[in-house]
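The structure appears below as structure tokens.
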Amino acid sequence: MSEAPATQLIADFQQTVRRIEAELAKAVVGHEDLVRNILIAFFAGGHVLIEGVPGTGKTLIVRSLADVFNLSFNRIQFTVDLMPADITGTRMVMDRDEGRREFVFVEGPIFSHVLLADEINRSTPKTQAALLEAMAEQQVTVAGTTYRLAPPFFVLATLNPIEMEGTYPLPEAQLDRFFFKVRLTYPTHTEIQRIINTTTTTAVPDLHPVFVHAEASEKVMALRTLVREVMVAPHIEEYIAALIHATIPAGAKYLKAGDTARTTLPKDDFVNRYVSFGSSPRGGQTLLLGAKVVALLDGRANVSYEDVDRVAIPALQHRLVLNFAAEAENIDPAIIIERILQSARKLRR
Amino acid sequence: MTENQNKTVGIPGTEERLALADVEERLRQVRGRWNFHTVQHHLYRLGAVLALGTALLIVCTFVLSPMLFTLLSWPVLLLLAFCFLFFVRRGVEDWADLNTIARRVDARAGLKERLATLVAQLTGGAIGKPPPSSLWPHLLAENTRLLNDWEVKRVSPSRIPWSAVPFLLALLLTFFIASIPMLSERSTQEPFSLANLETVLGDLPNRAGELLDRKLSLLPDTPKQWGGGTLFDTPRDQEKKAQDALEAGNAENQRNPESPDKLDAQSLASLPQALQEKIRQALQGLPDKAPKPPTPEGQSAEQDPRLALQAREEQKTPSASMDGQGDRQGEQSPSTSRNRDDKKKDGSASGKNPGAAMSAPSQGSGLQQLEHAQLERKNAKGTFQPDSPQVPGSGGESGEGGPGAGSGTEPRLYGEEKITGKGGQTFQLALETTHKKSQEGELDPEEKDTGGIIEKSTKGLSREQSLDDAIRKSQVPAEYEDIVKRLFVRGESR
């Protein structure tokens with residue numbers, strides 16, 4: 001029995017992530033959990049929606065990440081007048097040497113490995129929808145022609161929750177395409193001290209790329225493949241399915257009748273009172289993939305209950321559509337998910 | 001790892017296969033213990049329910065009327081049957097497979113689903129197929145390394161489940177409830193009345209001591225104790241049976257008259273089988289002693305527990321019992337002394353002379369009860385002389401009753417009975433010396449010290465007296481005397 005290759009793969013994964021975090025820590029003060037969640041989503045192949053007040057380092061985190069990965073990076077500042085073609089690219093008439101003119105597709109900023117969609121809720125839904133196909137299918141279609149995006153493709157979108165006037169909240173379909181939604185909290189007292197100290201001098205943080213640029217995409221894709229090699233026991237899959245079902249209120253529409261397994265799940269009253277629509281199956285995929293990354297980071301080749309719980313809130317909180325009562329009572333989706341996790345622990349027997 | 005080993009999982013003879021076998025063997029051991037625990041758990045729960053149901057039925061038997069009992073017993077029985085099926089079904093459902101056991105082991109040993117994932121791959125048919133993941137060797141290596149973290153004893157449940165405790169309690173309760181009718185006074189028709197329960201509970205230590213003594217004694221026929229009838233025989237029925245048995249015995253004796261000499265040698269065992277059985281039924285709940293061969297003359301009385309012989313010994317050395325030096329007899333027959341002690345708690349002399357209290361009761365109490373009966377009869381007839389030196393009432397000095405008991409049966413008592421011709425209604429239970437006195441008027445000085453046990457003659461006795469005499473010679477203990485006395489009183493009142 002030779003375990004060395006497998007064990008080495010896992011060790012490499014852990015080491016890579018540690019190095020990335022260490023490099024990011026040079027530029028980003030605090031936010032370790034946020035960085036870890038972003039990395040989990042990145043290696044799971046998902047996209048991250050970051051919600052936070054202005055000036056808390058959202059853009060800095062994304063830029064630093066691209067630098068550390070040594071991948072191509074683009075930033076799009078979403079505004080009301082931003083058009084889809086401004087994101088995806090457009091066909092332009094180009095003069096050739098022979099004097100001929102022809103349409104040539106000019107790639108938009110979406111053609112990069114790491115894309116920062118800053119304040120995505122400030123653009124119109126039409127523009128926002130331009131990201132849909134790219135995020136889900138990793139391809140764009142312009143004038144009937146489909147263009148593949150080079151892997152890895154990673155979108156980091158930011159939301160400003162304060163200035164809601166003149167904004168367009170993201171539609172549920174687009175929210176569902178984000179792997180995680182993480183919240184950027186205010187830094188702590190000491191973190192603020194460090195931030196103002198390190199950013200007001202001439203010193204610029206020297207970030208060392210973890211990968212060589214030529215091999216970066218390959219390395220990242222290899223690590224993403226390794227994530228999917230993590231094994232899962234059937235009862236863990238049952239647990240994830242139960243969690244997803246538990247987010248769906250009892251009286252919700254579009255429930256399949258006669259789902260006997262669903263009736264045996266623990267149902268929290270919070271869900272029925274405050275949730276209009278529960279998570280989609282994509283939430284389950286997110287839970288499992290995120291749990292796999294967590295397992296690898298823990299040096300295991302299998303998923304445990306704790307791994308699933310670890311990623312439950314960032315994976316599900318933007319997938320719950322709360323009703324008016326929840327908004328009126330200022331109920332946070334994270335609270336509902338916490339309660340679901342508590343009630344679902346009975347399933348672990 | 002060779003190229004061949006990379007292709008499939010669990011090739012026989014490989015290190016991987018050995019590691020898998022180790023894990024599987026350990027897991028099967030855990031599964032065996034876990035399933036055994038599960039089966040025990042459900043059996044104990046089922047047993048507890050059945051025991052409680054049985055106890056309920058026993059109580060209902062005595063408390064409810066036949067109609068109500070019938071109405072209640074069927075639902076109870078149906079409920080018990082339902083419980084039986086329920087627990088059997090639960091037992092089948094809880095029978096754990098390897099996957100379930102692996103999950104439990106993971107939870108108990110904190111393996112973070114490593115074992116469950118490995119077992120899930122194996123039970124999913126990974127053996128003989130390509131590895132399910134490139135990380136498979138790592139998973140297997142981790143499980144092999146963590147084998148020491150989940151030893152069988154550590155992750156298995158306890159050998160005896162907690163449900164054994166309620167089961168044992170239920171069983172004890174059931175036995176206690178079942179024994180209440182047997183521990184009750186025979187005349188009690190409602191064994192589960194509060195008064196009777198108090199009596200039974202109060203008498204329980206004595207009963208336990210009695211049972212212990214009986215176990216320690218050499219008495220035969222222990223299976224016959226308390227067990228002649230069914231639980232459903234009312235005491236009145238049992239007394240009626242005893243009465244019938246005595247009458248049947250009388251009738252048989254009338255049909256086959258025997259010489260008095262032969263009757264003298266008759267014991268309970270020599271009685272007809274039917275009579276013996278009926279007497280035993282009538283005397284159920286009391287210790288039954290098999291007849292012993294007559295003690296040869298000159299044999300030490302210490303080896304014979306019979307009352308008559310002890311009385312003789314006491315008569316020989318009255319000072320020994322009077323001054324409390326006769327403890328050895330009490331020691332030799334602990335059961336009888338204990339019984340007598342219990343019945344003489346009100347005896348004033350027992351406190352004054354503990355030595356006598358230990359020795360004398362073995363002969364005093366039975367006779368004392370008989371004397372009480374005779375006293376009652378005499379009072380009824382108006383012939384009792386309270387100034388007699390052998391006044392039974394003075395048996396209140398029961399602790400000193402050894403010598404008094406020996407001469408407590410005044411010869412004229414039976415003489416008068418003979419004269420009045422009412423022997424058929426009297427019960428003569430006395431020592432042979434008393435009987436001889438009744439026959440001859442005076443004791444033969446030569447026979448005073450013989451210590452004889454066997455009645456030499458019953459001449460002049462009526463047939464009923466002869467029967468009673470036969471019963472007496474069958475080493476009837478005090479409880480027998482009590483029962484016979486009651487029967488006699490009933491017959492007399494009739």
With the range B:124-185 as the region, which helices (runs of 4 or more DSSP H) entirely inside it contain at least 1 residues that are aromatic (F, W, Y) and buried (at least 16 other Cβ atoms within 10 Å of the Cβ)? B:136-145, B:164-183
Got at least one residue in the range A:320-328 being modelled with pLDDT of 90 or more, surrounded by fewer than 24 Cβ atoms within 10 Å (Cβ to Cβ) and acidic (D, E)? no
So, A:T146, is that one over 27 Å from A:D33 (Cβ atoms) and surrounded by fewer than 17 Cβ atoms within 10 Å (Cβ to Cβ) or not? yes
For the range A:181-202, check the following and say yes or no: at least one residue is in the same structural domain as A:A117 (by TED's automatic domain parsing) and closer than 28 Å to B:A116 by Cα. no
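Answer yes or no as to whether A:A66 is under 20 Å from A:I120 (Cβ atoms) and either among the aliphatic types (A, V, I, L, M) or within 14 Å of another protein chain (Cβ to nearest Cβ) (or both). Show your work before the answer.
On the way: under 20 Å from A:I120 (Cβ atoms): yes; either among the aliphatic types (A, V, I, L, M) or within 14 Å of another protein chain (Cβ to nearest Cβ) (or both): yes.
In short, yes.
Just a yes or no: is a residue in the range A:53-68 among the aliphatic types (A, V, I, L, M) and over 24 Å from A:V294 (Cβ atoms)? Spell out the reasoning first.
Taking the range A:53-68 and keeping what is among the aliphatic types (A, V, I, L, M), we get A:53, A:60-62, A:65-66, A:68.
Cutting the leftovers down to over 24 Å from A:V294 (Cβ atoms) gives us A:53, A:60.
Yes, there is a match, as at least one residue in the range A:53-68 is among the aliphatic types (A, V, I, L, M) and over 24 Å from A:V294 (Cβ atoms).
Out of all the residues in the range B:50-70, which are free of Cβ contacts under 8 Å to residues at least 40 places away in the same chain and surrounded by 12 or more Cβ atoms within 10 Å (Cβ to Cβ)? Can you show your working first?
Going residue by residue through the range B:50-70, those that are free of Cβ contacts under 8 Å to residues at least 40 places away in the same chain are B:50, B:53, B:56-57, B:60, B:64-70.
Correct list: B:L50, B:G53, B:L56, B:L57, B:C60, B:L64, B:F69.
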Only unsatisfied item for A:Q14, checking (1) at pLDDT below 90; (2) surrounded by fewer than 20 Cβ atoms within 10 Å (Cβ to Cβ), is (1)
Sole exception among (1) in contact with a Cys (Cβ under 7 Å, 6 or more places away or on another chain); (2) aliphatic (A, V, I, L, M); (3) touching a residue at least 60 places away in the same chain (Cβ under 8 Å) for B:L46, by number: (3)
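Residue-wise test of (1) touching a Lys or Arg at 6+ places or on another chain (Cβ under 6 Å); (2) more than 23 Å from A:K253 (Cβ to Cβ); (3) assigned by TED's automatic domain parsing to the domain that holds A:E237.
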{"position": "A:G284", "(1), (2), (3)": "no, no, yes"}
{"position": "A:S304", "(1), (2), (3)": "yes, yes, yes"}
{"position": "A:A312", "(1), (2), (3)": "no, yes, yes"}
{"position": "A:A325", "(1), (2), (3)": "no, no, yes"}
Note on the range B:80-106: residues surrounded by fewer than 17 Cβ atoms within 10 Å (Cβ to Cβ) and assigned to a helix (DSSP H, G or I) are B:A81, B:F82, B:F84, B:L85, B:F86, B:V88, B:R89, B:R90, B:V92, B:E93
Filtering the range A:19-47 down to residues that are closer than 19 Å to B:L135 by Cβ and assigned to a helix (DSSP H, G or I), which residue is farthest from the other protein chains (Cβ to nearest Cβ)? A:I40
Residue satisfying all of: in the range A:64-97; among the basic types (K, R) and at pLDDT 85 or above; nearest to the chain's Cα centre (by Cα) among these: A:R75
For A:E191, all conditions in the list (1) surrounded by 19 or more Cβ atoms within 10 Å (Cβ to Cβ); (2) more than 14 Å from every other protein chain (Cβ to nearest Cβ) hold save one; what is the number of the exception? (1)
B:W226 vs (1) among the aromatic types (F, W, Y); (2) under 25 Å from B:V489 (Cα atoms); (3) modelled with pLDDT of 70 or more: all pass except (3)
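Name the one entry in B:R17, B:R28 that is at pLDDT 90 or above and out of contact with any strand residue (DSSP E or B) (no Cβ under 6 Å at 6 or more places or on another chain). Explain how you work it out, then say what you get.
On the way: B:R17 fails: at pLDDT 90 or above.
Among B:R17, B:R28, only B:R28 is at pLDDT 90 or above and out of contact with any strand residue (DSSP E or B) (no Cβ under 6 Å at 6 or more places or on another chain).
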Looking only at the range B:99-151, how many residues end up being farther than 15 Å from A:A6 by Cα, at the interface with chain A (Cβ under 7 Å from one of its Cβ atoms) and among the hydroxyl-bearing types (S, T, Y)? 1
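Conditions (1) over 30 Å from A:G278 (Cβ atoms); (2) touching a strand residue (DSSP E or B) at 6+ places or on another chain (Cβ under 9 Å); (3) more than 14 Å from chain B (Cβ to nearest Cβ); (4) free of Cβ contacts under 8 Å to residues at least 12 places away in the same chain, marked per residue:
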{"position": "A:I195", "(1), (2), (3), (4)": "yes, no, yes, no"}
{"position": "A:A203", "(1), (2), (3), (4)": "yes, no, yes, yes"}
{"position": "A:T225", "(1), (2), (3), (4)": "yes, no, no, yes"}
{"position": "A:H235", "(1), (2), (3), (4)": "no, no, no, yes"}
{"position": "A:L243", "(1), (2), (3), (4)": "no, no, yes, no"}
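Table: residues versus (1) out of contact with any strand residue (DSSP E or B) (no Cβ under 7 Å at 6 or more places or on another chain); (2) not in a loop (DSSP other than H, G, I, E, B).
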{"residue": "A:F105", "(1), (2)": "no, yes"}
{"residue": "A:P109", "(1), (2)": "no, no"}
{"residue": "A:S112", "(1), (2)": "no, no"}
{"residue": "A:A117", "(1), (2)": "no, yes"}
{"residue": "A:Q128", "(1), (2)": "yes, yes"}
{"residue": "A:L131", "(1), (2)": "no, yes"}
{"residue": "A:P151", "(1), (2)": "yes, no"}
{"residue": "A:A157", "(1), (2)": "no, yes"}
{"residue": "A:I162", "(1), (2)": "yes, no"}
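Go through A:V230, A:V182, A:V220 for me and flag whichever is within 14 Å of another protein chain (Cβ to nearest Cβ) and surrounded by 14 or more Cβ atoms within 10 Å (Cβ to Cβ).
Working: A:V182 fails: within 14 Å of another protein chain (Cβ to nearest Cβ); A:V220 fails: within 14 Å of another protein chain (Cβ to nearest Cβ).
Selected residue: A:V230, the only one of A:V230, A:V182, A:V220 that is within 14 Å of another protein chain (Cβ to nearest Cβ) and surrounded by 14 or more Cβ atoms within 10 Å (Cβ to Cβ).
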The listed residue being touching a helix residue (DSSP H, G or I) at 6+ places or on another chain (Cβ under 8 Å) and of a type in the set (D, E, K, R), out of A:R91, A:R75: A:R75
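The values are calculated or read from the model by the stated rules, or taken from the named source; none is laboratory data. It should be emphasised that the depicted structure is a prediction, and the values quoted were computed from it without experimental measurement. Cβ atoms come from the backbone with ideal geometry, glycine included; neighbour counts cover every protein chain shown.
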